[in-house]
Amino acid sequence: MQPDIAHHAALDARLVKAVRGIKLLSLASWPADVQAPFLDGFARGQAQLPAIAYPRLDFGDARRELAAIAAAADEHHPLGGYLRDSVHSWDIAAQLLESLGTAAVTTHSVALFGTPEECLPGDGPTTRDAAGHFIAIANELDHELLAPEEQVPVSATALQLQLQADLDDFFDGRVITVELDRQLIAKAAAGATRIRLRHGAAFSDYDRRQLLQHEALVHSLTALNGREQTVLPSLALASPRVTATQEGLATFAEQITGSIDIERMKRISLRIEAVAMALAGADFIEVFRYFIDAGQNPAESFSSAQRVFRGVPTTGGAAFTKDTVYLRGLIGVHTFFRHSLQQDRLRLCRRLFAGKMTLDDVATFEPMFEAGVLAPPRWLPRWVSRANGLAGMLAFSLFANRIRLDKLSEDAPTLS
């Protein structure tokens, strides 16, 4: 190993150790036992704002170590620049966790994830505008178009068996375990080797495909591939700075495999609008009622609303803004894949699965991959490994985007 590589590999090992306790989502999330009392009160017409007791955390030692790592990294080296950016992200996450329960969490959350008013890549509309577009389309569609199998609920137990079989088939063995969790507020959560489903929740056929493509074959897969990196083991970690790319890639995987439906796009978009509402002053009950009015049942509305109020006061004017990255990340990843095809560099798309990284990291790391410093992904989703099929879909997308729908409207047939 060259001295510069060895130097930054040692710094990365220190980074992995330093951030071990900075578990952003788990420490900011609400305990499961908050939901039942709130829903009981709501059913009686006496809903009260949840009061969440957050731990008092001190990451002073970790932040000092992170600062030392950044100071020792060469910002002009591909690995050094990555380390400095990662340190900055983890430091903000640590500050966020140290301020749990206060409005200061909003400031740190915005620094990590942005706001609903942020523009999409390519100077497009705002994230909130895009969310409104998908909500409007979902509301206009006729629900009678749903196929019978789309309307049949699947129990968590049945989904556990189905998803476990899907994963065992993909890996040709037991690599990721699917478990039921009574303490989970979200319907599902994924780690490198474990996917948890909320016990007692009802799922749809689309949920099964979404969990496979989004949670397992992106979030879990990139973590597993990141563990194969001997020089940069931090590529197995869910650094806050990679959230937009991770969620964008995972949602793109749903889209390109036909695993996403318009109701899923609506749920993602509703959360973006809910973040905007909370930032504008809406409290938890108002946001909860927003999800109810949008068609979600009380349990799902509570789950959706608590995502917006993780770590912040429930009285309004503050929000945990992570859910704003989904659409922005999706557009960014879709654009990245299209540009890669245009430039005959689809290999970059495959390398995006070699660990948890940003779109910029993939380009920066190119000499590291070429030199064998970074390993190619051990596992790839089938839609990525089949380059011809991926290229065909992207080529059609590139051409179709040149067609101006507003120019076609005058010649469009009238439907009665």
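Within the listed set Ala13, Ala371, Ala62, the Gaussian network model of the chain (springs between alpha-carbon atoms below 10 Å) gives the highest mean-square fluctuation for Ala371.
Of the chain, which part is the longest with no trypsin sites (Lys or Arg not before Pro) in a loop (DSSP not H, G, I, E, B) and with at most 11 other C-beta atoms within 10 angstrom?
Longest stretch, sites excluded: 183-401.
Ordering Gln48, Ala71, Ser109 by the projection of their Cα atoms onto the charge dipole of segment 19-111, which places +1 on the Cβ of Lys and Arg and -1 on the Cβ of Asp and Glu, puts Gln48 at the extreme positive end.
I need the helices of the chain that pass two filters: whole DSSP H segments spanning 15 Å or more by Cα along the axis, and mean Kyte-Doolittle score no lower than -1.0. Don't jump to the answer; show the numbers that get you there.
Details: long enough: 3-18 (22 Å, 0.12); 60-72 (18 Å, 0.21); 78-98 (30 Å, -0.02); 127-140 (20 Å, -0.02); 156-171 (22 Å, 0.28); 243-256 (19 Å, 0.00); 262-279 (26 Å, 0.52); 298-308 (16 Å, -0.45); 325-342 (25 Å, 0.41); 387-400 (19 Å, 1.50).
Both cut-offs are met by 3-18, 60-72, 78-98, 127-140, 156-171, 243-256, 262-279, 298-308, 325-342, 387-400.
Extension gain, Ile262 to Ala186: 0.36 nm times the residue separation minus the Cα-Cα distance gives 25.4 nm.
What FRET efficiency, computed as 1/(1 + (r/R0)^6) with R0 = 35 Å and r the Cβ-Cβ distance, is obtained for Lys17 and Ala111, rounded to the nearest 0.05? Computed FRET efficiency for Lys17 and Ala111: 0.90. Less than 5 angstrom separates the built amide H of Ala188 from those of Arg198, all sequence-distant by 5 or more or on a different chain. Entry for segment 1-86 at q = 0.14, 0.21, 0.23, 0.24 Å⁻¹: log10 I(q)/I(0) = -0.63, -0.97, -1.07, -1.12, Debye formula applied to identical alpha-carbon scatterers, no solvent contribution. The listed residues Thr358, Thr177 rank as Thr177, Thr358 when sorted by accessible area, largest first, using a 1.4 Å probe.
Take every pair of alpha-carbon atoms less than 8 Å apart whose residues are at least six positions apart; their mean separation over the length of segment 74-212 yields a relative contact order of 16 percent. Taking amide H as placed 1.01 Å from N in the peptide plane, Arg194 has its amide H under 5 Å from the amide H of Thr177, each at least 5 places away in sequence or on another chain.
For the chain, set up a Gaussian network in which alpha carbons nearer than 10 Å are linked by springs, and say which option among Leu212, Leu390, Leu15 fluctuates the most. Its mean-square fluctuation being the largest, the pick is Leu390. If you take the Cα centroid of segment 238-260 and the Cα centroid of segment 161-228, the two points sit 15 Å apart.
Taking amide H positions as modeled 1.01 Å from N, with prolines and chain starts lacking one, the residues under 5 Å from Arg310 and 5 or more places away or on another chain are Phe320. By the rule of a C-alpha distance below 20 Å, with chain neighbours fewer than 8 residues away ignored, the lysines paired with Lys266 are Lys187, Lys322.
Spin-label model, Asp61 to Glu286: label points 7 Å out along the Cα-to-beta-carbon direction sit 4.3 nm apart.
Computed over the alpha carbons of segment 104-145, Rg followed by Dmax gives 14.5, 46 Å. The label point for Thr102 and the one for Met393, both projected 7 Å from the Cα toward the Cβ, are 4.6 nm apart.
Please state, to two decimals, what the Cα-based radius of gyration of segment 201-256 comes to when divided by 2.2 N^0.38 Å (N = residues). Intermediate results must be reported in sequence, preceding the final value.
Values: Rg = 12.7 Å, N = 56, 2.2 N^0.38 = 10.2 Å.
This ratio for segment 201-256 stands at 1.25.
Computed over the Cα atoms, what is the radius of gyration of segment 259-358 divided by 2.2 N^0.38 Å, N being its residue count? Each step should come with its number before you reach the end.
Working: Rg = 17.0 Å, N = 100, 2.2 N^0.38 = 12.7 Å.
Normalised Rg, Cα atoms only: 1.34.
The values are calculated or read from the model by the stated rules, or taken from the named source; none is laboratory data. The structure displayed is predicted, hence computed values, not measured ones. All Cβ positions, even for glycine, are placed from backbone atoms using ideal geometry, and neighbour counts span all protein chains on display. When the accessible area is computed, the model is the full protein with side chains, heavy atoms only, and any ligands, DNA or RNA have been set aside. Shrake-Rupley method; radii C 1.70, N 1.55, O 1.52, S 1.80 Å.
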